[in-house]
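FYI, it's all coordinate maths here, none of it is from the lab. If you're wondering where the values come from, they're calculated on a predicted model, not measured in any experiment.
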Amino acid sequence: MFTRRDVDEAAQRPPRQLEIADLRRLEADVEERFVLARIPFHRLSPRLDHALALDPANAKGLETAGLVYLRLGDWTRARESSRRAVETEPDRADAWNNLGVASIECGSREQALEAFRRGLEIAPEDPRLRANWKRYG
């Protein structure tokens, strides 16, 4: 997902570099989503816990942990990991989305709506955030 920082950085690059960089980012995003769809999440969870114990302020790791816990149905851990991710790096739209979904599952609708709203401020065109805002908002 693109953030405001990505857009600002892109504006400083020549057009050809922008196209190549965008293509590489898109390829990485698609590959990451494909890999995540095929991972046995129950095996990944202990590895994430260990990695985050070594680097507890790793926002990307916390965001990934939030997604893994969502896929496992561990709503409390998903909410905690996502909350820590957005505290570490507040511009992570995917982490805000994960926090919103986990909050809904934990019964915290107001916290979920706030998370979706914050994510949409960062990435207003994100289809998952928009769908969740429409569904729960």
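Observations, loosely collected:
- With θ taken as phi - 60° and the Karplus curve 6.51 cos²θ - 1.76 cosθ + 1.60 applied, the whole-hertz 3J(HN,Hα) list for segment 88-105 is 6, 9, x, 9, 8, 4, 4, 5, 4, 5, 4, 4, x, 5, 4, 5, 4, 5 Hz, x standing for glycine and proline.
- Hz values of 3J(HN,Hα) by residue in segment 129-137 - Karplus curve (6.51, -1.76, 1.60), Gly and Pro given as x: 4, 4, 5, 5, 4, 5, 5, 10, x
- Base-10 log of normalised Debye intensity for segment 41-137 (one unit scatterer per alpha-carbon) at q = 0.11 Å⁻¹: -0.27
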